[in-house]
Amino acid sequence: MPIALAPTGDLPARRQQLIREFPYAVDLVDFILGDLTSKPTVHIRPVLLTGTPGNGKTHFARRFAHVFGLHLWSVDCSHINYIATANSIDPLPWPLRDRLRIVAFPEPTTAHLDALMPPLLAEIATSRSLDPRFIVSLTDEDRTFIAKRWKAGSVRRLARLLEAIINARERAMLKH
């Protein structure tokens, strides 16, 4: 169900209210409210408040939402599951690394082809809005073709090879 857009309202009065409660954050208040100047409804660019624990970041977010009549969704992250991926951890900042368990993901080999291909074919079918049963099973010839050209590692490359086979079949069917 759609939620009504919150009107910007009396921006100077709302600014004063926030500054009364957060006199140490005048620059922050003005920075965020800068997005609302001359706008009829509240729409700010994404903001990440950083700082030492307990300095009022969450309290400010709650009060900002209340002052502007916004719906606030606050989540304590003990019950959210994240699986992040990265090609390398080198560029990741230490605070992020410190919050993650870092595990090296193994690379598939040609010995895993029979396990990898069915779900990839199903994904290809779904991306084409087809029932996976409409994609004909791979022949021994197809498997040999793939095994010669895919030397392991990139599942993305394997998916491209499967798409190439499917595309070739579709072209052949159109000719007949």
Sequence-distant or interchain residues sharing an amide H contact under 5 Å with GLY9, placed H: which?
none
Just to check I understand the Karplus step: with θ = phi - 60° and J = 6.51 cos²θ - 1.76 cosθ + 1.60, what whole-Hz values come out for the range 2-16, glycine and proline as x?
x, 9, 4, 5, 7, x, 5, x, 7, 4, x, 5, 5, 4, 4
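With a 1.4 Å probe and all protein chains left in place, how much accessible area per residue does the range 1-148 have, in Å²? Walk me through the intermediate numbers first.
On the way: 11720 Å² over 148 residues.
Ligands and nucleic acids excluded, the result is 79 Å² per residue.
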Gain on full stretching of the segment that runs from LEU72 to ARG156 - 0.36 nm per residue minus C-alpha separation
26.4 nm
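Give me the percent of accessible area attributable to carbon and sulfur for the range 36-176, probe 1.4 angstrom.
In the range 36-176, the share of accessible area belonging to carbon and sulfur is 57 percent.
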Hz values of 3J(HN,Hα) by residue in the range 119-129 - Karplus curve (6.51, -1.76, 1.60), Gly and Pro given as x:
x, 5, 4, 5, 5, 4, 4, 4, 5, 9, 6
Just to compare against my own numbers: the Cα pair-distance distribution for the chain, 10 Å bins, whole % per bin, please.
7, 22, 17, 16, 16, 15, 6, 1
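Before anything else, pin down the relative contact order of the chain: Cα pairs under 8 Å, at least 6 apart, normalised by residue count, whole percent.
Details: 87 pairs, mean separation 28.2, N = 176.
For the chain, the relative contact order is 16 percent.
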Angle in degrees between helix 57-67 and the longest Cα principal axis of the chain, rounded to the nearest 10
70
Note, the range 139-150: 3J(HN,Hα) by Karplus (6.51, -1.76, 1.60, θ = phi - 60°), whole Hz, Gly/Pro = x, goes 8, 4, 4, 4, 5, 5, 4, 5, 4, 6, 9, 9
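Between LEU92 and ALA122, what length in nm is gained on full extension when 0.36 nm per residue of separation is reduced by their alpha carbon distance? Present the calculation step by step, with values, prior to reporting the outcome.
Values: separation 30, 0.36 × 30 = 10.80 nm, distance 3.36 nm.
So the extension gain works out to 7.4 nm.
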In terms of Cα to Cα distance under 27 Å, which lysines are near enough to LYS39, apart from those fewer than 8 places away along the same chain?
LYS57
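The values are calculated or read from the model by the stated rules, or taken from the named source; none is laboratory data. What you see is a predicted model, and the numbers here were worked out from it, not measured in a lab. Areas reflect the complete protein model, heavy atoms only, side chains present, ligands, DNA and RNA absent. Shrake-Rupley method; radii C 1.70, N 1.55, O 1.52, S 1.80 Å.
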